[in-house]
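Notes follow once the structure below has been shown.
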Amino acid sequence: MLDRLRTPLLPALVVAGLAIAPARWLGWTNEAASLLWLPLRPVAHLGVAASSWLRPPTPVPVVDVAKLAEERDELLALAQRLRAELDASREAIAILEGLPRPAESPSRPIAAEVIAVEPSGIVSINVGLRHGVSVGDPVVAAGGRLVGRIGDPLGINAGVVVPAARIGVAEPRVRIEGGSSGSETVLCLLEPTGDGWRGEVAATRVETGAEVRLDDPAWPSSAQGLLLGRVASLRDVPERPLRASIRVRPAWSIGDGRTLVVQRSAPDPTP
């Protein structure tokens, strides 16, 4: 019985002793392992060869770094373009949501992108006859600010906006809101000066900073009440002591965003 137990215990005791022995005592085990591995090396080589035959290595594809860089640049450009289009869409939605919509107004607003601005102040946009735009349609910016009207020439897919403050445009009739003193609103005609308007009002009824809104029957109903600008200065008129000369600063100026809204008055174009 003892002989049977002693036979498996001896290897176990040897292994346990080697496991707890200090590392400096086991330097000879490397040489012993190399000797024991020699007869098994041919078998290991056969196993590696069989593994390679059963599962051949997957070839590594050749990477074209230049092509990958080109594709990356194209994707970045696409992302920038989509971001710009998203910003423009958000701006157009904000303008449309802020526009007054009188019940009797038949206007149909459409967003437009500013393409270019000429030195004379004329603004080119990317909508035209194909989109139902007509000459004379009011053009509005964010915050209900009146920009001007659609002018000639009007193309199929493009148009021009004539700013309301441009010299040569007809004098608009406006309503000037009372200032902080609670004065009554004033109706008057303003003369365009290119960078704003000028006019005359009763000296005691208008204050600097007062809002100036369109109230002109010559304009479509969709433009009535839109913000034209604010009173920038008041100056006495010596020859008319009860009158004051005012200058109005436009509420919209070139560079205020690239999205405008055209208040179309014509019916939908036939396809």
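The values are calculated or read from the model by the stated rules, or taken from the named source; none is laboratory data. Since the structure is predicted, the reported quantities are computational estimates derived from the model, not experimental observations. Positions of Cβ are backbone-derived with ideal geometry, glycine not excepted, and every protein chain shown enters the neighbour counts.
Considering the conditions (1) at positive phi; (2) surrounded by 15 or more Cβ atoms within 10 Å (Cβ to Cβ); (3) out of contact with any Asp or Glu (no Cβ under 8 Å at 6 or more places or on another chain), Gly168 is excluded by exactly one of them, (2). The one condition from (1) at pLDDT below 90; (2) in contact with a Gly (Cβ under 7 Å, 6 or more places away or on another chain); (3) aliphatic (A, V, I, L, M) that Val201 does not meet is (2).
List pairs: first residue in segment 251-262 and on the phi < 0 side of the Ramachandran plot, second residue of a type in the set (Asp, Glu) and part of a strand (DSSP E or B) anywhere in the structure, Cβ distance under 7 angstrom, at least six positions apart or on different chains. As it stands, the answer is Arg258/Glu113; Thr259/Glu113, since those pairs meet every condition given. The single condition from (1) under 21 Å from Ala244 (Cα atoms); (2) modelled with pLDDT of 90 or more; (3) in a strand (DSSP E or B) that Leu187 fails is (2).
Against the condition under 27 Å from Pro109 (Cα atoms), loosely packed, with under 13 Cβ neighbours inside 10 Å and in contact (Cβ under 8 Å) with a residue 40 or more places away in the chain, how does Pro153 come out, does it pass? So that I can check it myself, show each step before the final result.
On the way: under 27 Å from Pro109 (Cα atoms): yes; loosely packed, with under 13 Cβ neighbours inside 10 Å: yes; in contact (Cβ under 8 Å) with a residue 40 or more places away in the chain: no.
No.
Do we find a residue being modelled with pLDDT of 90 or more, within 25 Å of Ala116 (Cα to Cα) and charged (D, E, K, R) anywhere in segment 251-267? For segment 251-267, residues modelled with pLDDT of 90 or more, within 25 Å of Ala116 (Cα to Cα) and charged (D, E, K, R): absent.
None of Gly196, Gly225 is touching a Lys or Arg at 6+ places or on another chain (Cβ under 6 Å), within 25 Å of His131 (Cβ to Cβ) and in contact (Cβ under 8 Å) with a residue 40 or more places away in the chain except Gly225.
Matching residues to (1) surrounded by 16 or more Cβ atoms within 10 Å (Cβ to Cβ); (2) part of a loop (DSSP other than H, G, I, E, B); (3) not basic (Lys, Arg):
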{"position": "Val212", "(1), (2), (3)": "yes, no, yes"}
{"position": "Pro217", "(1), (2), (3)": "no, yes, yes"}
{"position": "Gly225", "(1), (2), (3)": "no, yes, yes"}
{"position": "Gly229", "(1), (2), (3)": "yes, no, yes"}
{"position": "Ser233", "(1), (2), (3)": "no, no, yes"}
{"position": "Leu242", "(1), (2), (3)": "no, no, yes"}
{"position": "Arg247", "(1), (2), (3)": "yes, no, no"}
{"position": "Trp252", "(1), (2), (3)": "yes, yes, yes"}
